[in-house]
1. Considering region 92-105 alone, what residues qualify as being touching a Gly at 6+ places or on another chain (Cβ under 7 Å) and open to solvent by 30 Å² or more (accessible area, probe 1.4 Å)?
2. Of all residues in region 137-160, count the ones that are in contact (Cβ under 8 Å) with a residue 24 or more places away in the chain, open to solvent by 50 Å² or more (accessible area, probe 1.4 Å) and assigned to a loop (DSSP other than H, G, I, E, B).
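The values are calculated or read from the model by the stated rules, or taken from the named source; none is laboratory data. Keep in mind that this is a model prediction, so the values were computed, not measured. Don't worry about glycine lacking a Cβ; one is built from the backbone with ideal geometry, like all the others, and counts go over all protein chains shown. Ligands, DNA and RNA are stripped out before the accessible areas are found, and what is left, the full protein with its side chains, is counted by its heavy atoms. Shrake-Rupley method; radii C 1.70, N 1.55, O 1.52, S 1.80 Å.
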Amino acid sequence: MIHVRIRQSVALATGALLAACLSFAAPASASTLTTTRTQAQTPLVVNARWAGHPTYDRIVIDLQGSAPAVTVTPVPQLVYDGSGKPVPLPGKHFLEIRLHPAAAHDDAGRSVYRGPKLQKIDLGKLKGIALTGDYEGYVTFGAAFDTLPYYRAFPLHSPERFVVDIAH
């Protein structure tokens, strides 16, 4: 009697497994499940601006779309991405601000960036800013200072933007 029940259980399990395999092997036209794949749009960098405040200078990078990952790194020199040519900004200390994934152009290759490409500035700390790259999903800015910058970097939302505050 036990052997009969085991055989029945094995037969039922095999039948269920076979039915499940056949349902996955059905032609695509017989499938009623449809999926929609949406590709996340690359965030666009549309502007860069700055302002002087009593105790700090602020750089703001305006974005369209979601906020990308951003790194702010002290570098010994500012160079243009791709060419490696030096960026002609005054200063002895520099910060590189790199956004990824991001673009400063649309899908047709037209620039959407309205800010300065190279701007000398005379604020308490900030002496210049430059768009140094828009290439392969990276947008890079350089900022120049006469003295070592002490900074705090963070995103702000509604609208999306990235901020670097430099203490005086």
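1. 96, 100, 101
2. Of the residues in that region, 5 qualify.
Rundown of residues vs (1) farther than 15 Å from residue 104 by Cα; (2) modelled with pLDDT of 90 or more; (3) open to solvent by less than 90 Å² (accessible area, probe 1.4 Å), yes/no style:
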| site | (1), (2), (3) |
| --- | --- |
| 27 | yes, no, yes |
| 31 | yes, no, yes |
| 48 | no, yes, yes |
| 51 | yes, yes, yes |
| 58 | yes, yes, yes |
| 61 | no, yes, yes |
| 72 | yes, yes, yes |
| 84 | yes, yes, yes |
